[in-house]
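Here is the structure we will look at.
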Amino acid sequence: MFAEFMIRAFLSGLGVAILTGVLGCFVIWRRMVYFGDALSHAAILGVVGAIALHVSAYFGVIALALILSVLLFTLTSRIQGADVILGVFAQTGLALGLIGASIWGRGLSIEAILFGDILAVGWHDIIFIWIGVAVILGIILWRWSNWITATLGDDLAASVGVNAKHESFYLAALLAIVVGLALKIVGALLITALLIIPAATARRFTSTPETMAVLSVGFGSAASAIGLWAAYVFDWPAGPSMVATAAVFFGISQWRSAV
Amino acid sequence: MTDLISLNSVTIGYDRKIVLRDVDLTVNRGEIITIVGPNGSGKTSMMRALIGALVPTTGSVSRSKSLSVGYVPQKLNIDYSFPITVRRFLSVPKRVKVEQISEAAALVGIHDILDQQIATLSGGQFQRALLARAIIDSPDLLLLDEPTQGLDQNGAARFYQLIAELKAELDCAIVLVSHDLHVVMSASDRVICLNGHICCEGTPSVVSSAPEYRALFGTGTQGALALYQHQHDHVHDETCSHDH
């Protein structure tokens, strides 16, 4: 039978897979892949900042990611595109985070930040993640119809009384929180993979946004469970095993549709 | 007639550049208004002010209470990464009844493509799917932004016929923006010729003979105009005012 740390790993991996599965669909539909990437890179600064301020790493990362979403929406203009602003913040956050780690980060494992440490999650992490799952899923269901409308076009949204700019901001803020929750589980470098690979796999088999979101959660959860099992059996690193499993699903889905 | 929506001395500018100056427009129940103008004449800005996507720099937009608007945009943001069937699209922004879907599908003739992906539709099918979504909740006002873009002449003519039929069926007002003057004018009650401001306005025949209109579009469209003009060859007493 699995050790208790594996049960904790499964529970936290499942929670993260549910959130990244649904939000990953929006990341693909709205071409926010680079946004997810930038958030996770800058999140390192959040971890270091939390250590410096003696607060929970989750709060550090989530606060930083929220600040980043606000800055992105206020600074993006016709002169400077979102990709430029994101690039500036992502790399600056990474650079400052590494400097901060050299000052405050005694005993801090940069590797754990980059690749996650799912086998080290405690019960308090799991409680935190699953509260996050419940709250965030609730918000997604509440905003779902507005987000689908806003995804189809700003003017279409305006004509039915939906402010697409506001909805984009809510979505980005939620994504920021999910990156913060997932950082400890899969690490900064691999979060984007859990956002886009299950959703891209699900696209092949679905014809409506709702079915794509559900199937994406399914692929994400399966990849996280099978990946963890493989990590346990073969003694592989956990986060990378989950991502590699998701990639295998993606590969099979592509092959199936090519035939 | 009752006013549905009106623009009151609306001026719209971006980055201190004014694209539309001092526009007054009142849309009454049951009329078809066509807005024509060359590129950069402020057509799209005017449409965006009507749907509420932008707030005028000066002036105001007043809507009648509980005005329901059906909007047909020029295009959607979607590509193949966003899975959505025509049937699901008709339930944007809110779920509609199955009967509403089959009714709208029958009206615009898309019942055979309800389960196709929006991204795979042809230009004409796509426009009709957009139209079906816009009319599904029986709006008081139907707004169409360049609805015939990407359609050939026959397709455009069919589309305008469809709109005229819909208007009879739904008893709504229609405002449509077009650069494609020759086909659209006949079905319109009023044509507004736009070039940064309202150049001239009146029935199709009044506008097409107005010197301001000819200065913008030339007289080359006269032949094509005759094709549909027979519906409107009775005499109107409107005159085309001009204020530069």
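The values are calculated or read from the model by the stated rules, or taken from the named source; none is laboratory data. None of the values given here were measured: they were computed from a predicted structure. Cβ placement follows ideal geometry from the backbone for every residue including glycine, while neighbour counts extend to all protein chains displayed. Surface areas here come from the heavy atoms of the whole protein model, side chains and all, with no ligands, DNA or RNA. Shrake-Rupley method; radii C 1.70, N 1.55, O 1.52, S 1.80 Å.
Which residue is nearest to A:LEU156 (Cα to Cα), if the candidates are limited to region B:90-121 and must be open to solvent by 60 Å² or more (accessible area, probe 1.4 Å) and outside any helix (DSSP H, G or I)?
Filtering region B:90-121 down to residues open to solvent by 60 Å² or more (accessible area, probe 1.4 Å) leaves B:94-95, B:97-99, B:102-103, B:106, B:111-112, B:115-116, B:120.
Now drop any that are not outside any helix (DSSP H, G or I), which leaves B:94-95, B:97, B:115-116.
Working: B:LYS94: 13, B:ARG95: 16, B:LYS97: 21, B:ASP115: 22, B:GLN116: 21 Å.
So, considering only residues that are open to solvent by 60 Å² or more (accessible area, probe 1.4 Å) and outside any helix (DSSP H, G or I), the one nearest to A:LEU156 (Cα to Cα) is B:LYS94.
Annotation: of all residues in region B:16-27 being surrounded by fewer than 20 Cβ atoms within 10 Å (Cβ to Cβ) and closer than 26 Å to B:VAL207 by Cα, the one that is nearest to the chain's Cα centre (by Cα) is B:THR26.
Checked against the criterion of being within 22 Å of B:THR44 (Cα to Cα) and more than 14 Å from chain A (Cβ to nearest Cβ), region B:88-102 contains not a single residue that satisfies it.
From the list A:ARG8, A:ARG30, pick out the single residue that is among the charged types (D, E, K, R), open to solvent by 10 Å² or more (accessible area, probe 1.4 Å), in contact (Cβ under 8 Å) with a residue 24 or more places away in the chain and under 22 Å from A:SER224 (Cα atoms).
On the way: A:ARG30 fails: under 22 Å from A:SER224 (Cα atoms).
One residue alone meets the criteria, A:ARG8.
Taken over region A:70-128, residues that are more than 29 Å from A:LEU14 (Cα to Cα), of a type in the set (Phe, Trp, Tyr) and surrounded by fewer than 17 Cβ atoms within 10 Å (Cβ to Cβ) amount to 2. Counted as qualifying within region B:136-212 are the helices (runs of 4 or more DSSP H) with 2 or more residues that are open to solvent by 10 Å² or more (accessible area, probe 1.4 Å) and of a type outside the set (A, V, I, L, M), namely B:153-170, B:204-209.
Within region A:106-117, take every residue that is part of a helix (DSSP H, G or I) and closer than 29 Å to A:ARG31 by Cβ and give me the one that is farthest from the other protein chains (Cβ to nearest Cβ).
We begin by selecting, within region A:106-117, every residue part of a helix (DSSP H, G or I); these are A:110-115.
Checking the rest, the ones that are also closer than 29 Å to A:ARG31 by Cβ come to A:113-115.
Values: A:ILE113: 30, A:LEU114: 28, A:PHE115: 28 Å.
Checked region A:106-117; the qualifying residue farthest from the other protein chains (Cβ to nearest Cβ) is A:ILE113.
Of all the residues in region A:204-259, those that are charged (D, E, K, R) and at pLDDT 95 or above number 1.
Please determine whether any residue of region A:182-200 is in contact with a His (Cβ under 7 Å, 6 or more places away or on another chain) and in contact (Cβ under 8 Å) with a residue 24 or more places away in the chain. Spell out the reasoning first.
Initial filter on region A:182-200 (in contact with a His (Cβ under 7 Å, 6 or more places away or on another chain)): A:188.
The next check asks that each one be in contact (Cβ under 8 Å) with a residue 24 or more places away in the chain; those that pass are A:188.
Yes, region A:182-200 contains a residue that is in contact with a His (Cβ under 7 Å, 6 or more places away or on another chain) and in contact (Cβ under 8 Å) with a residue 24 or more places away in the chain.
Given the criteria among the aromatic types (Phe, Trp, Tyr) and assigned to a helix (DSSP H, G or I), does A:PHE128 qualify? In short, yes. If you go through region B:28-79 and keep only what is without any contact (Cβ under 8 Å) to a residue 60 or more places away in the chain and more than 18 Å from the chain's Cα centre (by Cα), you end up with B:VAL55, B:PRO56, B:THR57, B:THR58, B:GLY59, B:SER60, B:SER62, B:LYS65, B:SER66, B:ASN77, B:ILE78, B:ASP79.
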